[in-house]
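Heads up: the structure comes next, in structure tokens.
The values are calculated or read from the model by the stated rules, or taken from the named source; none is laboratory data. Note that the coordinates shown come from a computational prediction; the quantities given were computed from them, not determined experimentally. When we count neighbours, we look across all protein chains shown, and the Cβ atoms used for this are built from the backbone with ideal geometry, even at glycine.
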């Protein structure tokens, strides 16, 4: 009985220390990476997707694994039509921050554009669980899924068989 207050105090200190250990520290970006991010965002706004990708890749070389750089690079590669590469960057960002709403939403949008609507619905349900039905990421992904994506379906060579043409010499 006489050790109860000390035991409670010790358990409170340990619980607090454990919760602090699980929280993510904000990532401080190198000033050169920030400059390249700004340059890439400007290029992307101007419609120069390749220039934006170059700037974002340079920022990633300076600041490897930075979530914000990965998200910008994924968005730029998605606009270039490279959904597979964008999925790689989104998944890398999700490995570092599994509850990042922008990464979950972006991955879902890339999946819809690639034609994997069922997988995108999983991302939508995950977003609804994390932030609700009214957050911007959820509504954007839900509307894209409802539209069915913007990319045309890929046609395989087996699906289109040309008619043989015989000509006389």
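If you check 80, 113, 118 for being buried (at least 16 other Cβ atoms within 10 Å of the Cβ) and modelled with pLDDT under 90, only one passes: 113. Within region 40-65, being crowded, with 22+ Cβ neighbours inside 10 Å and not in a helix (DSSP H, G or I) holds for no residue.
Applying the set (1) in a loop (DSSP other than H, G, I, E, B); (2) at pLDDT below 85 to residue 127 leaves exactly one unmet item: (1). The set of residues in region 25-39 being over 18 Å from residue 93 (Cα atoms) and crowded, with 17+ Cβ neighbours inside 10 Å consists of 36, 39.
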